[in-house]
Structure formats: C-alpha cells, structure tokens
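Contents: one structure, followed by commentary.
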Amino acid sequence: MGVDDFFDDEFLDFDSDDEFEEFDKSSSFISSLNNFRDSLTTKHFIIFGGVVMSLFLVYFVNYRFEARNEANLTAETTTVESNTSPTTTLAPSPTTTLAPSTTTTSSTTTTTAVTTNEVSTTDPLKSTVMVALPDCGSMGSGTIVSQLGFILTNEHVISGDGASCNDFIVILTSESGEKDPVPKYVAEIVEQNVTLDIAILEITGTYDGSPLPKSFRNMCVGDSNSVAQGDNLLVWGYPDVRWTNFDTFGRIDVSQGFVSGFDAETGLSEKAWISLSSTISSGNSGGGAYNELGQLVGVPTAVYQGNLSSRGLLRPMNLVLDYFDPFYFDSCK
C-alpha cells in the first residue's frame, strides 16, 4: 500500500484542513494534560491538600463567628423584651384586703406577698403525723423533720415487739384539729436506737398510690441546750386517750408544760432527759416538743422505769443528733 492509499483511508479522511487542525490541537491538549499529570509528585499533592484544608478552616471559622454573633443578638433582644415586659401577671397577695387602699399600695403589697407566701417550716399541725402499724394493732406519733420525707419517732412505736408486723407502716396526717387524721403515706424504717428509744422512718410512697410530693412540710430542729428551767414548751402528738381502734382514729392534740428539770442517764448523758411539769400521754410518744420559736427541741418518750413513768419526759434533740446522721434533719440555724 502506497502513501496515497494511506491518506485515502477513511480514518484520516478530513473534509477540510480546518478539521485536521482541530484534531491536531485536541491531541496536543490531551498530551499536555498527560505530561502535567506525570510531572506531579507527592509534594504537589500535599501542597494542594493543604490549600484546600486552609480554605475549609477559614470558611468554618467565619461561619461559627457569624452564628455566635447572631445568637448573642437574639439573647440581647430577649433580655430587653423581658425587662420591658409588664409584671401584672404576679398574683396579688391574699392579705391585700388588709391594706387601706389597694390602689395606692398595690406595689408594696405585691412585695410583701413574696415574703409572706414562703413555705413555713414551723407548722406542727402539718408536720406532726400518726404512725400506725395495722398488723401490730398499735400506733404512736411522729414528726416530719426533713423536706426529704424523714420522720422522727420513738423506737418502741415501730419495734413490733420483735415480730414482722412492722413491715407495713402507715402515716396519717391531719388537715385541722377539727378533723380525724387520714392515711396519707407509707413508710419504712431507716435507723433505730433502742438505748435512746429513737427511730428514723422514710416516706416511700403514698397510701393511695398517687405520686409523692417533691418536698414535705417539715419541722426544723432547734438547740435543746438552750432550754432552761421554767421555759414553756408545747407538745404535739396523737395521745392514745383519744384513740380507740383503727376505725376511729384519735385527733391531733397539743398540750403545754414548763420545764421542771433535767435528768441524767448513766453511760448516756448528764442531760439525757428534759422533764416537764405535766404528764404526757403514751400516744404522744414520738411526737414533738417545741420552744417559743416553734423549733423542735425534744421528743416525748414514754418511760416505764421507777418513778420516771409518772412524769412527762423528753429526749433532747441535741442528744438525738449525737447518735444520728444530721442528714435526716433540717436545722433551724
């Protein structure tokens, strides 16, 4: 085959010189790309990757900066709006009717409401409970001494005389002195001390199965060392003289007596007992004795030893705190 025959082949049959030049340029461009690719080394790829990464970091930092500025602007706007919003949504104090003019003293009574509506921890009516053991056929008194739901009572109230009847402990509360107590909670024994005749219970559930409250109305513990002879104390509890059986619960009771003296107990303390001028019903065992500030300073405890049984005796709270973890109690200090 001659040269003319080769150029006559359809493969290289260009209709014009322009098409041939275009083909030639295309071949040259592809060759240049191949040559450029072959000339690239690992160093070039590293440099290229670094440039791409730098661009990405610059974009990311700029994006975060703008987002932060936008968030700060939103927060500032919200703060301004909240500061300029009216405070008329505050509920008026129930005691505003005592003010001579609700128009001119509305701002003052609103401020007073914030203070007077705070939850009080000195309400024996709400914090004194009846501790009942239906399976044992016995009852006594107790005091809620922590917002966590811990109850202070006497050990003999929940001992069950060694039987397992104290596995089921019902806590009853009173809405007022004019109403019978009603079953409200169930509790378990946490700690007990036979020598002191003191026990700690914990409220673990409600009697009707409803959710437990987040906190409980409790009494705070005061300094029993500050109690002196002649001081008047109030004793709250559920005396058994009012209690007949589990069908007719006795109502809550409060009595008063002055401190007649203090008694020692061998191996325990020189101030192991606070003696009252009045006797205390055995049903009051585990209740509370309060000073004039409404602070819990003693636990009424029935004692059946010698002449002590005819007197009203209290276990001082400072002595109780010497033997039990203060975690169970809320202090008045």
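The numbers here are math on the coordinates, done by the rules we state, and not lab data. Only a predicted model underlies this, so the values are computations on that prediction, with no experimental measurement involved. Cβ placement follows ideal geometry from the backbone for every residue including glycine, while neighbour counts extend to all protein chains displayed.
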If the chain between residue 32 and residue 190 were fully stretched, how many nm would it gain, using 0.36 nm times the residue separation less the Cα-Cα distance? 48.0 nm
Neighbour-count order for 210, 174, 269, fewest beta carbons within 10 angstrom listed first: 210, 269, 174
Anything over 22 Å Cα to Cα? Flag those among 126/214; 126/271; 126/184, in the order listed. 126/271
Going by C-beta contacts inside 10 Å, put 178, 188, 155 in order with the fewest on the left. 178, 188, 155
Can you work out ³J(HN,Hα) from phi for every residue in region 260-266, in order, using Karplus 6.51 cos²θ - 1.76 cosθ + 1.60 and θ = phi - 60°, giving whole Hz and x for Gly and Pro? 8, x, 10, 10, 8, 9, 4
